[in-house]
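Enquirer: I have a structure here, written as C-alpha cells, and I will follow up with some questions on it.
The values are calculated or read from the model by the stated rules, or taken from the named source; none is laboratory data. Keep in mind it's a predicted model, so treat the numbers as computed, not measured. Reconstructed Cβ throughout: ideal geometry from the backbone, glycine too, with neighbour counts over all protein chains shown. The accessibility values were calculated without ligands, DNA or RNA, using every heavy atom of the protein model including side chains. Shrake-Rupley method; radii C 1.70, N 1.55, O 1.52, S 1.80 Å.
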Amino acid sequence: MAVLGIPILDNLYPVTMDMWPVQAKEFNRIWQFYENLKQGRFTTTKCKDCGKVVYPPRVICPECYSEQLEYVDLPKRGKVIVFSEEVRGVPLGFEAPLIHAVIDLGVEPVRRLLSRIINCPAGYLKEGDEVQLVVFPIPSHPIDKGKQGTVMVDRVFFAFEPVKKP
Ligand SMILES: [Zn+2]
C-alpha cells in the first residue's frame, strides 16, 4: 500500500495511521455488514422483534432494545442532495478532489446518507445527480494469533460514484 508523501511506508502496514474499521468478527459486532459489502451488497440491520430498520447498522434495536437483528438490503443507487468538494490540502492518504455528499437512497431510513464520492473529477458533480455504490479493497489488517503467527484479514469499504461517467 502506497501512502502519499510517506514512501518509507510503501508495502508496510502503517498501523498508527489506520483510519479504517477493524472488520474481523472477533473485533467488530457489525462484521456482517462488511462481509455483505464484500459480496457487493449494501445492507443494514432490521429488528426481528419490532421491524425497525436503522442505518448505520446496530447491534441493539434503538426502538425496543432487542438484540435479534437481521441484515436487509438497501438500494445501491441514490441522488445527491448536497455535497462538498475539497481540492486543496486534503488529509494524508487521500487524493484531491475529496468529495463528500449527502445522498438520498429513496427509502427510509436512508433519506440522508453521508458518503465519499469517488471516480469523479472536481467540478463534475451536481446536486440531484444519480450516484451508485462502489466497493473497494482497503489495506488488510494484521491480527496477531500468538504462536500461530500473524494473519492478514482482507477488508473492504464503500463509497459512491456518479452513474453518468465523467
Ligand atoms: Zn426492535
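Enquirer: Can you give me the number of residues within region 127-162 that are on the phi > 0 side of the Ramachandran plot and at pLDDT 90 or above?
Expert: 1
Enquirer: Within region 47-59, can you find the residues that are β-branched (Val, Ile, Thr), surrounded by 14 or more Cβ atoms within 10 Å (Cβ to Cβ) and out of contact with any strand residue (DSSP E or B) (no Cβ under 6 Å at 6 or more places or on another chain)?
Expert: Scanning region 47-59 gives a single hit, Val54.
Enquirer: Quick check on region 55-65. Is at least one of its residues closer than 18 Å to Gln132 by Cα and within 14 Å of the ligand (Cβ to nearest atom)?
Expert: no
Residue by residue, here is whether (1) touching an Asp or Glu at 6+ places or on another chain (Cβ under 9 Å); (2) open to solvent by 40 Å² or more (accessible area, probe 1.4 Å) holds:
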site	(1), (2)
Glu85	no, yes
Arg88	no, yes
His100	yes, yes
Ile103	no, no
Val110	yes, no
Arg116	no, yes
Asn119	yes, yes
His141	yes, no
